[in-house]
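Read the figures in this text as sums done on the coordinates, not as results from a lab. None of the values given here were measured: they were computed from a predicted structure. Here the Cβ positions follow ideal geometry from the backbone for every residue, glycine too, while neighbour counts run over all protein chains shown.
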Amino acid sequence: MKQLDYKKEEAYLRAQKRLKELKGFYWHTFWYIVVNVFILIMIVSNTEDNIFHFGTLATPLFWGIGLGFHALSVFGKNLIFSKSWEDRKIREFMEKEEFTDKYE
C-alpha cells in the first residue's frame, strides 16, 4: 500500500512540475505579444521611422527565437512530431501498401 501512495505522490509532483513549465511558457508568450503590440503601436504612431529597420525588428525577432526555444524545452519534439502524428503516418503507410498490394 505504501508503494502505491509513493507512486501517486511522484506522479503528482511530475504533474505539478509540468504545470509550472506550461504556465511559464504561457506567461512568456503573453508578455511577448503585449510588448510587441506596444512596440508596433509606437512604430505606427511615429511615421518618421522606417518600419523595416533592423533596430525596429530586433526585439520581436530575437525574443521570438527565444520563445521558440522555450516552446521546444516545454513541448519537446512532440511539438511537431507528436505520437498521434506518428500513428496517423503509420496507418497511412499501411493503407497505401495494402492498396498497392491489391492492384498489383
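Going by how many other Cβ atoms sit within 10 Å of their own, how do PHE81, PHE25 line up, fewest first? Don't skip to the answer; put the middle values down first.
Values: PHE81 11, PHE25 16.
With the fewest neighbours first, PHE81, PHE25 line up as PHE81, PHE25.
Roughly how big is the range 2-75's charge dipole about its Cα centre, with Cβ charges of +1 (Lys, Arg) and -1 (Asp, Glu), in debye to the nearest 20? Don't skip to the end; give the middle numbers.
Numbers: 8 positive and 6 negative charges, 134 e Å.
Here the size comes out at about 640 debye.
Going by how many other beta carbons lie within 10 Å of each one, how would you line up THR29, THR56, fewest first?
On the way: THR29 13, THR56 16.
Lowest count first: THR29, THR56.
Stretch TRP31-ILE90 to full length: gain in nm at 0.36 nm per residue minus the Cα-Cα span? Each step should come with its number before you reach the end.
Values: separation 59, 0.36 × 59 = 21.24 nm, distance 3.88 nm.
Full-extension gain reported as 17.4 nm.
Please rank ILE43, ILE33, fewest neighbouring Cβ atoms within 10 Å first, as an exposure proxy.
Values: ILE43 15, ILE33 12.
Ranking ILE43, ILE33 by Cβ neighbours within 10 Å, fewest first, gives ILE33, ILE43.
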